[in-house]
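See below for the structure under consideration.
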Amino acid sequence: MKTKLFARQGDVGLVTRSIPEGAKKVPLRPLALGEVTGHSHQVALADREGVEMYEAEGASFLRVTAEGGISIVHEEHGTVTLPAGWEGEFRIAREYDEEEDFRSVVD
């Protein structure tokens, strides 16, 4: 499985990776929600018809179907543009806590 970090937006990493066979198509949702701030990493409203979301192997994936690509937006981070045909996994950064082991970063 070959992966490559395509972009990062705060605590969300977008990794170029083929969507696994048998992945289940799911309704589009925010990529991440800020538990403290209420902010979110999500596909721009105008671009939501041009992307598909999948889940497989405990991971979440996007496939861009819009000819002009799509934008991922957040209230405090710069916009990330994903080109037409891009597919990959989005991952939440993890941090180490000596008492709790590794955990997802809390925004």
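The values are calculated or read from the model by the stated rules, or taken from the named source; none is laboratory data. All values reported here derive from a predicted model rather than from experimental measurement. Every residue, glycine as well, gets a Cβ built from its backbone with ideal geometry; the counts of neighbours run over all protein chains shown.
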Original post:
Restricting the stretch 22-33 to residues that are in a loop (DSSP other than H, G, I, E, B), closer than 23 Å to E76 by Cβ and of a type outside the set (D, E, K, R), which is nearest to the chain's Cα centre (by Cα)?
Top reply: L31
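Table: residues versus (1) crowded, with 18+ Cβ neighbours inside 10 Å; (2) modelled with pLDDT of 95 or more; (3) assigned to a strand (DSSP E or B); (4) aliphatic (A, V, I, L, M).
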| site | (1), (2), (3), (4) |
| --- | --- |
| R8 | no, no, yes, no |
| P20 | no, yes, no, no |
| E35 | no, no, no, no |
| E49 | no, yes, no, no |
| E55 | no, yes, yes, no |
| F61 | yes, yes, yes, no |
| E67 | no, yes, no, no |
| E75 | no, no, no, no |
| Y96 | no, no, yes, no |
Original post:
What are the residues in the stretch 77-94 that are surrounded by 15 or more Cβ atoms within 10 Å (Cβ to Cβ), touching a Phe, Trp or Tyr at 6+ places or on another chain (Cβ under 9 Å) and in a strand (DSSP E or B), if any?
Top reply: V80, L82, E87, G88, E89, F90
Original post:
What are the residue pairs meeting all of these: first residue in the stretch 36-65, first residue more than 19 Å from V15 (Cβ to Cβ) and of a type outside the set (G, A, S), second residue crowded, with 17+ Cβ neighbours inside 10 Å and at pLDDT below 95, Cβ atoms under 8 Å, and 6 or more apart or on different chains?
Top reply: V36/D107; T37/D107; H39/H74; H39/D107
